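A.B. asks: This is the structure I want to talk about, given as structure tokens.
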Amino acid sequence: MFHFSGFNMMFPDGGRSFQVTYKCFSVSMLPGNERSDVEKGGKIIMPPSALDSLTRLNVEYPMLFKLTNKKKSRSSHAGVLEFVADEGKCYLPYWMMDNLLLEEGDILSIESVSLQVATFSKFQPHSTDFLDITNPKAVLENALRNFACLTKGDVIAIKYNKKVYELCVLETRPGNAVSIIECDMNVEFEAPVGYKEHSEQQPATQAGGHSVGANEAAAGGTVHEELVETFKGSGVRLDGKKKKDSQLETPVQKKVLPRGVPDYDFQFGLLRFDRNIKPISDRGQENAEATGEAAGTDADSFHGTGFSMKKTRK
């Protein structure tokens, strides 16, 4: 056993295992420029002496490590990004320190390990905001390029469009910790925390009587009508001049937009033909009749004879 900077570095007789203890700090404590790239992934920064030891031990590539907080009995796995930390220290992403229940300056045990290549993983977002992403699998695939391995039970953090999303690793195959470097991995998503299906919300809404669509459906109606006012704001000229008096008061147009009521009792694979279809709105017929009368009035208003402005030659 060798003693280095007050920390133990153990080299067993097998010559293939690397075990060391460091004081751990978050990336924000790393000297020099801000390293936001470390926060985006699942890799740590270790001192140069660790690289020398790993090289002499002939450790397998890629270099993967098991991180253990012995005081809290918490463990996780990570890769290494660089060997530029101060001796006796290592730097971790903040989300990783949160998983391991570590504080700044706590003692962290690091051990080299060999993990199986991942074939399947399942994630659960911690917020329903993750559903707003158009293609979550593509976003996750791009974010996992900065990770070396996954551990079941960890809560990883990925950044997309200046927003941080937390995802819990619910399952990994073929083991509880897997390597995701150069692998073909199937990904599944569990419903986000706090997400409720619409079918669960509908009975409560009908019982409270606050749903307009439910009340109309019970009364035999099939249509909602929504009043929309267009151009509510005030206009300003680009040249900075005041508007003319004729432009100051512009009448606000109000439109009644019909919108359908969804069939909440729809069953997948069942086609239902409703033969008692009611018109969308009686106003449509009234408007058509009014338009027809106006057109007839306009047609009857021209009884005179026509004249040509071009003189005909005799």
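A.B. asks: For Phe120 paired with Asp184, estimate the spin-label separation in nm (one decimal), with each label point 7 Å from Cα along the Cα-to-Cβ line.
C.D. replies: Placing both labels 7 Å along Cα→Cβ, they lie 1.6 nm apart.
A.B. asks: Right, something else. Could you calculate the FRET efficiency of Lys196 with Tyr160 from 1/(1 + (r/R0)^6), where r is the beta carbon distance between them and R0 is 30 Å, rounded to 0.05? Kindly include the intermediate steps, with their values, before the conclusion.
C.D. replies: On the way: r = 24 Å, r/R0 = 0.79.
Computed FRET efficiency for Lys196 and Tyr160: 0.80.
A.B. asks: Heavy atoms only, probe 1.4 Å: what % of the accessible area of region 120-189 goes to carbon and sulfur, would you let me know? Present the calculation step by step, with values, prior to reporting the outcome.
C.D. replies: Working: 1540 of 3810 Å².
Roughly 40 percent, rounded to a whole number.
A.B. asks: Could you derive backbone 3J(HN,Hα) for region 58-72 from the dihedral phi with the Karplus parameters 6.51, -1.76 and 1.60 (θ = phi - 60°), listing whole Hz in sequence and x where the residue is Gly or Pro?
C.D. replies: Computed from phi, the couplings for region 58-72 are 6, 6, 5, 9, x, 6, 10, 9, 9, 9, 10, 9, 5, 5, 9 Hz.
A.B. asks: Additional query: Among Lys23/Lys137; Lys23/Lys159; Lys66/Lys163; Lys66/Lys196; Lys163/Lys242; Lys70/Lys162, which pairs are too far apart, with a Cα-Cα distance over 32 Å?
C.D. replies: Lys23/Lys137; Lys66/Lys196; Lys163/Lys242; Lys70/Lys162, as the Cα separations exceed 32 Å there.
A.B. asks: Carbon-plus-sulfur fraction of the accessible area of region 19-112, 1.4 Å probe, in percent?
C.D. replies: Ligands and nucleic acids excluded, carbon and sulfur give 46 percent.
A.B. asks: Within region 69-110, report the GluC sites (Glu not before Pro) that DSSP leaves as loop and that have at most 14 other Cβ atoms within 10 Å.
C.D. replies: Taking region 69-110 and a limit of 14 other Cβ atoms within 10 Å, the loop GluC sites (Glu not before Pro) found are Glu87, Glu103, Glu104.
A.B. asks: Moving on. Using the heavy atoms of the protein chains and a 1.4 angstrom probe, tell me the accessible area per residue for region 42-113 in square angstrom.
C.D. replies: So region 42-113 comes to 46 Å² accessible per residue, rounded to a whole number.
A.B. asks: If you don't mind, another one. In nm, to one decimal, how far is the Lys152 label point from the Leu57 one, both placed 7 Å along Cα→Cβ?
C.D. replies: The answer from the label model is 2.6 nm.
A.B. asks: Any chance you could run the full-extension gain for Ser73 through Arg173? It's 0.36 nm times the residue separation minus the Cα-Cα distance, nm to one decimal.
C.D. replies: Fully extending the segment from Ser73 to Arg173 adds 33.7 nm.
The values are calculated or read from the model by the stated rules, or taken from the named source; none is laboratory data. Keep in mind it's a predicted model, so treat the numbers as computed, not measured. Because the Cβ atoms are built from the backbone with ideal geometry, glycine has one as well, and the counts that use them run over all protein chains shown. SASA here: full protein model, heavy atoms, side chains in, ligands and nucleic acids out. Shrake-Rupley method; radii C 1.70, N 1.55, O 1.52, S 1.80 Å.
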